[in-house]
Amino acid sequence: MGPPRVVVTLPAALVALFPGCAGRHVVAAETVAGAIAALDRAWPGLRDRVCDSSPAVRRHIRVFVGSAIAGLETPLTDGDEIVVLTAISGG
């Protein structure tokens, strides 16, 4: 049967760093980490923009599965939608 197929939506600021990368992708992955790894195989370096070296989601990034905040270990089911957002800050 294979891993679940999920949709990943990336922010425009991240997409702009990777020529040919679109804002939405369908990948097969068991966890959020697996989905990010699948995108990193197509666009090397993408994982490093989303995750730190611990590994964990970077402080200025939020990842949602559906409407819930997710971590790298969050399990996925077929049809889940992952949204990666960059935090907005300023002063």
Inset, instruction - Would you calculate the separation in nanometres between label points at GLU81 and ALA28, each defined as 7 Å from the Cα along the Cα-to-beta-carbon direction? - result: 2.4 nm
Legend entry - Radius of gyration and Dmax over the Cα atoms of the chain, both given in Å: 12.4, 50
Legend entry - the chain: relative contact order in percent, alpha carbon pairs under 8 Å with at least 6 residues between: 36 percent
Legend entry - Acute angle (nearest 10 degrees) that the helix 32-42 long axis makes with the longest principal axis of the chain, alpha-carbon atoms: 80 degrees
Legend entry - Full-stretch length increase - ALA12, SER53 - with 0.36 nm per residue and alpha-carbon distance subtracted: 12.4 nm
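Bear in mind these aren't lab numbers, they're just calculated from the coordinates by the rules spelled out. Computed from a predicted model, the values in this text were never measured in an experiment. All Cβ positions, glycine included, derive from the backbone under ideal geometry; neighbour counts span all protein chains shown.
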